[in-house]
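Okay, so here's the structure we're looking at.
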Amino acid sequence: MPWMTVRKTVRMMARTLAGLAARLTAAAAAALMVAGLMTGAQATPVAALELKFSDFFVSPLGPRGPQVTPLLRSAHGQKVRITGYMVVEEEAPVGRFFLSPRPLSMSEHADGDANDLPASALCVLMPPGQRSEPLGHTPGLLRLTGQLQVGRQEMEDGRVTWVRLLLDPKP
């Protein structure tokens, strides 16, 4: 196995273990609260798992296409934080937008469903009370926190997404 592949595998395993440790700590605190051994004042809020776009799929791509990493799969249903760029769309999206590792724009009228979004593009869903409003583009890096969903889901417009972030409501 080439040295670079070994290094990438070790880094991915370390990130997976760190994420599991954070989730186990949060689960242990929740179990202690349920058992009555820890009060809410003593409990710490669940920390969000720091996720990067490079954590989404195994690299390099193989003959079977993108393969979800164990870290991304284990983050399903968990609170995560990710930083990226809001994809520019011709028409203001309603209730959702895409987040990408680099600045991108889509031309839906010219390209139709054939867009240039990377496989790791993240579909960001607004909180339930904010899903009816058109969203203006926000330039620059965005740091978002919410619950991660991993798996195939067809949207109302027929688009298929594999990774979604349900944004936390603003406090």
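The values are calculated or read from the model by the stated rules, or taken from the named source; none is laboratory data. Predicted, not measured: the structure shown is a model, and the values here were computed from it. Cβ placement follows ideal geometry from the backbone for every residue including glycine, while neighbour counts extend to all protein chains displayed. Only protein heavy atoms, including side chains, enter the accessible area calculation; ligands, DNA and RNA are left aside. Shrake-Rupley method; radii C 1.70, N 1.55, O 1.52, S 1.80 Å.
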- Task: Can you tell me how much longer the chain between residue 119 and residue 47 gets when fully stretched, taken as 0.36 nm per residue apart minus their C-alpha distance, in nm with one decimal?
- Result: 23.3 nm
- Report the paramagnetic label zone for residue 167: residues of the range 117-152 whose backbone N is under 13 Å from a point 7 Å from Cα along the Cα-to-Cβ axis. 123-139, 142-147
- Item | residue 133 accessible area, assembled protein chains, probe 1.4 Å, Å² | 110
- Please find the FRET efficiency linking residue 132 to residue 64, where r is the Cβ-Cβ separation and R0 is fixed at 35 Å, and quote it to the nearest 0.05. 0.35
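What does the net charge come to around residue 151 if you take all other residues with beta carbon closer than 13 Å to its beta carbon, with K and R at +1 and D and E at -1?
The answer is +2.
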- Order 122, 144, most accessible first, counting only protein heavy atoms with a 1.4 angstrom probe. 144, 122
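With N set to the residue count of the range 42-171, report its C-alpha Rg divided by 2.2 N^0.38 Å to two decimal places. Each step should come with its number before you reach the end.
Numbers: Rg = 14.9 Å, N = 130, 2.2 N^0.38 = 14.0 Å.
So the range 42-171 has a normalised radius of gyration of 1.07.
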- Message: Under the 0.36 nm per residue contour assumption, what length would be gained going from the current alpha-carbon distance of residue 88 and residue 142 to full extension?
- Response: 18.1 nm
